[in-house]
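Accompanying notes for the structure given below.
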Amino acid sequence: MKSPLLSLPGAVPAEGRDEGVAAHYGDLFREQRALADGSGLVDLSHRGVVTVTGDDRLTWLHLLLTQHVSDLAPNQATEALILSANGHIEHALYLVDDGTTVWMHAEPETREALVAYLESMKFFYRVEVADRTEDFAVVHLPAGSIAQVPDGVAVRETAHGRDLFLPRAELETYAAAHGPVAGILAYEALRVEAHRPRLGFETDHRTIPHELGWIGSAVHLQKGCYRGQETVARVHNLGKPPRRLVFLHLDGSEVHLPGHGAPVRLAADGEEGRQLGFITTSARHHELGPIALALVKRNVAVDAELLAGDTAAAQETVVEP
């Protein structure tokens, strides 16, 4: 999905997983400051939009997701994961029920597999699953925004702002009325600052929820069975996830940012030292300077000075070891 907002002045297209929307509109820090102040919006129209309707939608999803949703109240936002049989994260969903329909958005490259999995699990339940990406676009309003939401539009409201499931045909008109529009790089910088993980960035093929701090926000520990629950319960009871998410303050004198997958080592060991983890997301923040999230081995000391690629880094604990 290529966003029509890429035609706005100064728009620079994003690449990789965020292809289809703008990386920025010419002034990254101005866009960040606007979002931090509660103004403007972010075009997330490349994300997949999936709906579930039918009388059994919440009880059915409750059986599949890591989150407790059987009694989800209308308009109450939540997030949930779908795990493999071994407890590894396969899908991250951001959802809300409007009273008749569950709306969710997910990473763009996962939507086809997500819909296929949900369809395969319908059995005798009274539910209908639909990929609505061609008809609806996700628009993010930052916390504190006073922008109006059109009647009939489903909204996920959290402490970080509101996600609107806006009819795609109204995207340009809505952006013109409630801009300025910020690019995905500004949105990602604030996500990193808030220590919020993202599927495909903070995860790999063996990531479990405990490593990223998704226990609580996306995983409910007191609900019934779902695929992968055995791993969740075992690691929770033992308290020893193999890796942990950390927040890094990067050396601001470096011109480049370490990219996704860049090795993390002890600074004392230098660039030839043993790899202890990898960079998941790096960003330039309007106040903090260069920052990053990284996944490192659990036994890395919380006060250890690290090396992210060839960049010195000081860590803050996100997930306790």
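The values are calculated or read from the model by the stated rules, or taken from the named source; none is laboratory data. As the structure is a computational prediction, the values presented were derived from the model and not from experiment. Counting neighbours? That spans all protein chains shown, and the Cβs are built from the backbone with ideal geometry, glycine included.
From the residues in the range 51-79 that are charged (D, E, K, R) and more than 23 Å from the chain's Cα centre (by Cα), which one is farthest from V115 (Cα to Cα)?
Kept after step one, since they are charged (D, E, K, R), are these residues of the range 51-79: 55-57, 71, 79.
Next cut, more than 23 Å from the chain's Cα centre (by Cα) only: 55-57, 71.
Details: D55: 19, D56: 17, R57: 14, D71: 23 Å.
Residue satisfying both the conditions and the ranking: D71.
Of all the listed residues (T110, T101), the sole one being among the polar types (S, T, N, Q) and closer than 22 Å to I184 by Cα is T110.
The single condition from (1) part of a helix (DSSP H, G or I); (2) among the charged types (D, E, K, R); (3) more than 15 Å from the chain's Cα centre (by Cα); (4) modelled with pLDDT of 95 or more that R191 fails is (3). For the range 194-229, filtering for residues that are among the acidic types (D, E) and assigned to a loop (DSSP other than H, G, I, E, B) leaves 2. Can you tell me which residue within the range 17-34, out of those that are in contact with a helix residue (DSSP H, G or I) (Cβ under 6 Å, 6 or more places away or on another chain) and not in a strand (DSSP E or B), is nearest to T101 (Cα to Cα)? Here the answer is D18. Pairs are defined by a Cβ separation below 8 Å, a sequence spacing of at least 6 or placement on different chains, a first member in the range 1-26 that is under 15 Å from E109 (Cβ atoms), and a second member that is charged (D, E, K, R) and part of a strand (DSSP E or B); the pairs so defined are V21/D43. Go through the residues of the range 81-91 one by one and say whether even a single one is of a type in the set (D, E) and not assigned by TED's automatic domain parsing to the domain that holds F29. Within the range 81-91, one or more residues are of a type in the set (D, E) and not assigned by TED's automatic domain parsing to the domain that holds F29.
Have a look at A177, A154 and point out the one that is of a type in the set (A, V, I, L, M), over 15 Å from E31 (Cβ atoms) and surrounded by 19 or more Cβ atoms within 10 Å (Cβ to Cβ).
Working: A177 fails: surrounded by 19 or more Cβ atoms within 10 Å (Cβ to Cβ).
None of the other options fit; the residue is A154.
Looking only at the range 255-281, which residues are out of contact with any helix residue (DSSP H, G or I) (no Cβ under 7 Å at 6 or more places or on another chain) and hydroxyl-bearing (S, T, Y)? Matches in the range 255-281: T280 only.
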